[in-house]
Amino acid sequence: MNRRHFARRVAAGLTAAVAATMMFTGVVSAQPADSAAVVDPATAIAKLRTVAAGNPAAEAAIERLAASPADTAATNIALPGQIFQVPAYSDTGQGGPVLGQLYGAGVATNMSNQFRFGFFGGPGVIAGDQTGAELDVVYYSFATGASGIAKLDQNNVAVPTVVSTAPVAGLGSGLVVAAVYGSLNHQVGPNVVKSTIWWPTLGTVLA
């Protein structure tokens, strides 16, 4: 994937992600800009590569991200729902001639003082039965050095239309980089469709 093609995909993904934000964050207020909340993609990938070591699926996901250049945007506002800057692509995507394999995006939520990683995307809605699928997030906190891999297996718990992790502790108050990879079952009419992410969603967010 060349840089120009990637940039177009990111731009399209960000447009979709910003629009989708209103689906679950409601009315939010931006906090003052944090000029320190900037991480270059090489640093983010390096940190996640270290965390993923020893986990073949996580390692493969991070290497797919590292294979193409990514200009991740600076995160300078803190919202109840922070959308990951680089969207995901899957073998099913959201369908149609416009969105194609554009799938969705990771999100970090901080509702009721519980920080969680999440994901929202199509096609259809997230299925209640996730048998045969597994969605994971690999993360690293620049504030505390806390890191790990967690499953996103709680549907509609943090906010509607989002599958999320259990609350993640130990991240401190500061910048966190994370990538969501794996697969997720969706209910599309009477059918269950499994989507497998081939391009993980990457984000730098504020804990």
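Miscellaneous remarks
- Odd one out for Q31 among (1) open to solvent by 20 Å² or more (accessible area, probe 1.4 Å); (2) at pLDDT 85 or above: (2)
- So A143, is it touching a residue at least 60 places away in the same chain (Cβ under 8 Å) and assigned to a strand (DSSP E or B): no
- Among the residues making up the stretch 44-63, those that are over 10 Å from I149 (Cβ atoms), assigned to a helix (DSSP H, G or I) and open to solvent by 50 Å² or more (accessible area, probe 1.4 Å) are K47, R49, T50, P56, E59, E63.
- Any pair with Cβ under 9 angstrom, 6 or more apart, that starts in the stretch 74-101 at a residue that is under 14 Å from A179 (Cβ atoms) and ends at one that is at pLDDT 80 or above and among the basic types (K, R): none
- Looking only at the stretch 156-167, residues that are at pLDDT below 95 and open to solvent by 30 Å² or more (accessible area, probe 1.4 Å) come to 4 in all.
- Applying the set (1) in a loop (DSSP other than H, G, I, E, B); (2) touching a helix residue (DSSP H, G or I) at 6+ places or on another chain (Cβ under 9 Å); (3) open to solvent by 50 Å² or more (accessible area, probe 1.4 Å) to S173 leaves exactly one unmet item: (2).
- Only listed residue being modelled with pLDDT under 95 and either closer than 14 Å to A61 by Cβ or in a loop (DSSP other than H, G, I, E, B) (or both), chosen from G182, G128, G132: G128
The values are calculated or read from the model by the stated rules, or taken from the named source; none is laboratory data. Please read these numbers as outputs of a predicted model, since none were measured by experiment. Virtual Cβ from ideal backbone geometry, glycine too; neighbours counted across all protein chains shown. Note: accessible area is taken over every heavy atom of the protein model, side chains too, but ligands, DNA and RNA are not part of it. Shrake-Rupley method; radii C 1.70, N 1.55, O 1.52, S 1.80 Å.
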